[in-house]
Amino acid sequence: MKSEKILGVAKAFFDPQSSIPWAERVEGSIRSFSSLTIHDERFSHSGLWTLDSGLYYGGLFLNIRVKICGITRRRDALDACAAGADLLGFNFVPQSRRYLNPYAARDIIASLPPFVLSVGIFANEDPRVINDLSSFLHLNAVQLHGDEDPSCCRKMDLPVIKAVRVASEEDIRDLERFDVAALLLDSKVSGALG
């Protein structure tokens, strides 16, 4: 089952007591996760993670994209694009120090090169607000970084990247319940979203 394989990979990758060198853990995780890849038509439609580009690594074709989050200035966005970022994340969580006013975000997004995609980051927001703001901003995907359940994820008009905070094995069980385009495993910090 997919969740059991994810659990095994995550345990090997995140184990602080592991004697396996970090580079080998990364390489092993890449190999393991690449076998879990599912071609999701929602991302193909929006241009995310298509099979026509990627990385050939150790006999495996990996479809890796770089997403830089917390963009708050046009100059930073353009620098990230010039450095090779494929996606830029714009934070719309009001209590975050990286929060960006939607009007400022719209100006930055309008200046992006054509093949750089924009992702709106939200946490525990009303799905109607997320969909309206996504349309206003011309986003390509949304990242839900709060306590959203699967039914909330299904209400999104765009592909969803669902962040899951991980501190133990229990946190990554039953991930199949999320019918989303991608999962993002993040550290669990008390009192913080990620």
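The values are calculated or read from the model by the stated rules, or taken from the named source; none is laboratory data. None of the values given here were measured: they were computed from a predicted structure. All Cβ positions, even for glycine, are placed from backbone atoms using ideal geometry, and neighbour counts span all protein chains on display. These accessible areas exclude ligands, DNA and RNA; they are computed on the full protein's heavy atoms, side chains included. Shrake-Rupley method; radii C 1.70, N 1.55, O 1.52, S 1.80 Å.
Below is a table of values for the structure above.
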| quantity | calculated |
| --- | --- |
| Selection within the stretch 63-92 - outside any loop (DSSP other than H, G, I, E, B) and open to solvent by less than 40 Å² (accessible area, probe 1.4 Å) | ALA77, ALA80, CYS81, LEU87, LEU88, GLY89, PHE90, ASN91 |
| Which listed residue, of VAL180, VAL160, VAL116, VAL166, is touching a helix residue (DSSP H, G or I) at 6+ places or on another chain (Cβ under 7 Å) and closer than 24 Å to ALA83 by Cβ | VAL116 |
| Flag for ALA141 being among the small types (Gly, Ala, Ser), touching a residue at least 40 places away in the same chain (Cβ under 8 Å), in contact with a Ser or Thr (Cβ under 8 Å, 6 or more places away or on another chain) and within 22 Å of ASP86 (Cβ to Cβ) | yes |
